[in-house]
Amino acid sequence: MRLAVHGLIEARWTASIHDEWIEAVLRDRPDLTRERLQRTRELMNLHAEDSLVTGHERHLEALRLPDPNDRHVLAAAIEAGADTLLTWNLKDFPAEELARHGVAAESPDTFLARLLADHPEDFVSVLREARTSLKNPPLTAGDYFEKLHDQGLVRTCALLMDRFKDV
């Protein structure tokens, strides 16, 4: 989110994508409430300029993906004019189908590692801001790297630890 707020990326999503991440978080984190996550959704829409994609449904019927329930994600990318679709679920977004629509799928780790390589100072500044905003509990740079690594950002963390030990 901070990368979008600072203009390093253009984040795009739909109401359905919001619904999916909220359900996933509630499954994994029963300590959180739907109301709290709905507030997060509202703040995401407010702070990431022009992030909410509508009108994407018109693309659904023409899309062929291994899991038809994922078509709405590609449809949103097409409607938004995105060139990159971020997903951990790369197997369900075949490169050939996405390429027909001018889109490529990337894992968040690959995408962020590339963004870090292309914009190191800006990226690290945003990451430092994110880490120092954490108060309960506050995290050292090492603790923060560990959390990012645990979330699957292995390549990104390796680059950060190699060049920016004080994030």
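Computed from the coordinates by the stated procedures, all read-outs in this text should not be read as laboratory data. As the structure is a computational prediction, the values presented were derived from the model and not from experiment. Here the Cβ is made from the backbone with ideal geometry for all residues, glycine too, and neighbour counts use every protein chain on show.
Below, the figures for the structure above:
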read-out: Degrees between helix 154-163 axis and first principal axis of the chain (Cα, 0 to 90, nearest 10); value: 40
read-out: Vicinal HN-Hα couplings computed from phi for the stretch 96-105 (Karplus, 6.51 cos²θ - 1.76 cosθ + 1.60; Hz; Gly/Pro x); value: 5, 5, 5, 4, 4, 10, x, 10, 10, 8
read-out: Net lengthening on full extension, Val25/Arg100 (0.36 nm per residue, minus Cα-Cα); value: 23.8 nm
read-out: Relative exposure of Asp83, Asp28, judged by other C-beta atoms within 10 Å (fewest first); value: Asp28, Asp83
read-out: Sorted by Cβ density within 10 Å, fewest first, the residues Phe164, Phe145; value: Phe164, Phe145
read-out: Helix 108-118 axis, angle to the chain major axis (alpha carbon atoms, nearest 10°); value: 60
read-out: With Cα atoms, 0 to 90° folded angle of helix 15-28 axis to the chain main axis; value: 50
read-out: Candidate lysines for bridging to Lys135, where Cα separation is under 18 Å - those fewer than 8 sequence places away on the same chain excluded; value: Lys147
read-out: Hydrodynamic radius by Kirkwood, which averages 1/r over all alpha carbon pairs of the chain, in angstrom; value: 17.3
read-out: Stokes-Einstein D (µm²/s) once Rh is taken as the Kirkwood radius of the stretch 78-161 over alpha-carbon pairs, at 25 °C in 0.890 mPa s; value: 172
